[in-house]
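Have a look at the structure below, then the notes.
The values are calculated or read from the model by the stated rules, or taken from the named source; none is laboratory data. As the structure is a computational prediction, the values presented were derived from the model and not from experiment. Because the Cβ atoms are built from the backbone with ideal geometry, glycine has one as well, and the counts that use them run over all protein chains shown. The protein model used for the area step is the full one, side chains on, heavy atoms only, and it has no ligands, DNA or RNA in it. Shrake-Rupley method; radii C 1.70, N 1.55, O 1.52, S 1.80 Å.
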Amino acid sequence: AQSVAQPEDQVNVAEGNPLTVKCTYSVSGNPYLFWYVQYPNRGLQFLLKYITGDNLVKGSYGFEAEFNKSQTSFHLKKPSALVSDSALYFCAVRDGTGGFKTIFGAGTRLFVKA
Amino acid sequence: EPEVTQTPSHQVTQMGQEVILRCVPISNHLYFYWYRQILGQKVEFLVSFYNNEISEKSEIFDDQFSVERPDGSNFTLKIRSTKLEDSAMYFCASSRGTTSYEQFFGPGTRLTVL
């Protein structure tokens, strides 16, 4: 069965510092991995995805994520955090064998302090 | 930029009543989804819809739920007889393709069952 774990409920970082939001996954086939961000009273916005190829993927707003197959991880990173990055971040996985279902992690709240 | 829209933004209903949540997906997308997010919990997949039929559904999507694409633009979720535990934020999403394609989410409908 597919699953996603985001081990941190909240991540606190100072503005200008690098940030990492952790995600590990479990799927039976090849994983298709996604990061979404949710601002208050808004829907989820797509940030980036890993399908195949280069393990480091770059996405919107300066975010990037590194796929690590041996550790089954897909951590979200940004070199320099902004206060406006404060939001709820969701990691998601889909089984690459062709399923439609997307499984989301519980979410990690990122708080960037000025 | 095209976006997924949902109406109403907030729906209050009495237990046992039927509700219909409406969504207008992005016009050139072919795959449609419903998710729900109970307050403070993770985003849960309900159903996916393609070519005028359900392609996949979760165990949550029981006989009380149904989906329909009544015309070329709208995509609806009907809950036949609402229960207190149906109170949640319901998100509609659409995508151009399946598995490797990211989904675009609407802003959600907050359903409150009294």
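Taking the condition within 14 Å of chain A (Cβ to nearest Cβ), open to solvent by 40 Å² or more (accessible area, probe 1.4 Å) and not in a loop (DSSP other than H, G, I, E, B), does B:E85 pass?
no
Can you name every residue in segment B:102-114 that is assigned to a strand (DSSP E or B) and either surrounded by fewer than 21 Cβ atoms within 10 Å (Cβ to Cβ) or over 11 Å from the mean Cα position of the chain (by Cα) (or both)?
Result: B:F104, B:R110, B:L111, B:T112, B:V113.
Looking only at segment B:99-114, how many residues end up being touching a Gly at 6+ places or on another chain (Cβ under 7 Å) and in contact (Cβ under 8 Å) with a residue 24 or more places away in the chain?
Selection size over segment B:99-114: 4.
B:I26 - would you say it is away from chain A (no Cβ under 11 Å) and within 19 Å of B:Q64 (Cα to Cα)?
no
Just one of the numbered conditions (1) touching a Gly at 6+ places or on another chain (Cβ under 9 Å); (2) closer than 27 Å to A:A87 by Cα; (3) surrounded by fewer than 21 Cβ atoms within 10 Å (Cβ to Cβ); (4) of a type in the set (A, V, I, L, M) is not true of B:A93; which one?
Status for B:A93: all satisfied but (3).
Could you check chain A for strands (runs of 3 or more DSSP E) lying wholly inside it with 1 or more residues that are open to solvent by less than 10 Å² (accessible area, probe 1.4 Å) and among the small types (G, A, S)?
A:64-68, A:73-78, A:87-95
So, in segment B:8-23, how many residues would count as being within 14 Å of chain A (Cβ to nearest Cβ) and open to solvent by 80 Å² or more (accessible area, probe 1.4 Å)?
2
Listed here are the residues, each with its yes/no results for (1) at pLDDT 90 or above; (2) farther than 23 Å from B:Q41 by Cα; (3) under 12 Å from the mean Cα position of the chain (by Cα).
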{"position": "A:Q2", "(1), (2), (3)": "no, no, no"}
{"position": "A:Q10", "(1), (2), (3)": "yes, no, no"}
{"position": "A:V13", "(1), (2), (3)": "yes, yes, no"}
{"position": "A:P18", "(1), (2), (3)": "yes, yes, no"}
{"position": "A:V27", "(1), (2), (3)": "no, no, no"}
{"position": "A:R42", "(1), (2), (3)": "no, no, no"}
{"position": "A:Y50", "(1), (2), (3)": "yes, yes, yes"}
{"position": "A:F67", "(1), (2), (3)": "yes, yes, yes"}
{"position": "A:H75", "(1), (2), (3)": "yes, no, yes"}
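Go through segment B:31-60 and give me each residue that's touching a residue at least 24 places away in the same chain (Cβ under 8 Å) and more than 17 Å from B:T99 (Cα to Cα).
Across segment B:31-60, the qualifying residues are B:R36, B:Q37, B:I38, B:L39, B:V43, B:I60.
Residues checked against (1) among the small types (G, A, S); (2) within 13 Å of the chain's Cα centre (by Cα):
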{"site": "B:S58", "(1), (2)": "yes, yes"}
{"site": "B:F61", "(1), (2)": "no, yes"}
{"site": "B:Q64", "(1), (2)": "no, no"}
{"site": "B:N74", "(1), (2)": "no, yes"}
{"site": "B:L77", "(1), (2)": "no, yes"}
{"site": "B:S81", "(1), (2)": "yes, no"}
{"site": "B:A93", "(1), (2)": "yes, yes"}
{"site": "B:S100", "(1), (2)": "yes, no"}
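Taking only segment B:58-82 into account, find how many residues are within 14 Å of chain A (Cβ to nearest Cβ) and either surrounded by 15 or more Cβ atoms within 10 Å (Cβ to Cβ) or touching a strand residue (DSSP E or B) at 6+ places or on another chain (Cβ under 7 Å) (or both).
4
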